[in-house]
1. Scanning region 1-51 for residues that are assigned to a strand (DSSP E or B) and among the aromatic types (F, W, Y), which turns out nearest to Y64 (Cα to Cα)?
2. Six or more apart or on different chains, Cβ under 8 Å: which pairs go from a residue in region 62-76 that's part of a strand (DSSP E or B) to one that's of a type in the set (K, R)? Could you list them?
3. Which pairs turn up if I take residues in region 5-20 that are under 10 Å from V37 (Cβ atoms) and look for partners that are assigned to a helix (DSSP H, G or I) with beta carbon separation below 6 Å, at least 6 apart in sequence or on another chain?
4. What are the residues in region 65-84 that are at pLDDT 90 or above and touching a strand residue (DSSP E or B) at 6+ places or on another chain (Cβ under 9 Å), if any?
Amino acid sequence: MSTTTPELILRAEENSKWLGHNYVMLTKKYNNKWVAVLDRKVFDSDKDLKTLVHRLKKKLGRRYSEVSIEFVTKQPINMVLVIL
């Protein structure tokens with residue numbers, strides 16, 4: 001059974017929302033790590049983003065597009081938006 005692009009986008013959005021709602025709880029176990037969420041739960045994590053992405057693509061194949069990945073830290077992150 002194939003999944004359509006809108007369904008994949010919806011699943012990725014659901015994972016991203018779950019990550020946002022559970023961010024504080026996640027910092028207790030995954031502080032200073034990249035966290036990958038699939039099906040609204042932590043699927044994998046790593047301190048190195050490149051290593052995590054490689055492992056996820058190998059494990060998940062096409063389902064990789066449903067994953068939400070975010071760096072989880074207790075420290076505030078300063079971001080700058082640059083518009084060119």
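The values are calculated or read from the model by the stated rules, or taken from the named source; none is laboratory data. Predicted model only: the values in this text are computed from it and were never measured. Cβ: placed from backbone, ideal geometry, glycine included. Neighbour counts: every protein chain shown.
1. Step one: list which residues in region 1-51 are assigned to a strand (DSSP E or B), which gives 33-38, 41-46.
With the extra rule that they be among the aromatic types (F, W, Y), the set shrinks to 34, 43.
On the way: W34: 15, F43: 11 Å.
Within region 1-51, the match that is nearest to Y64 (Cα to Cα) is F43.
2. F71/K33; V72/K33
3. A12/E66
4. Matches in region 65-84: E66, V67, S68, I69, E70, F71, V72, T73.
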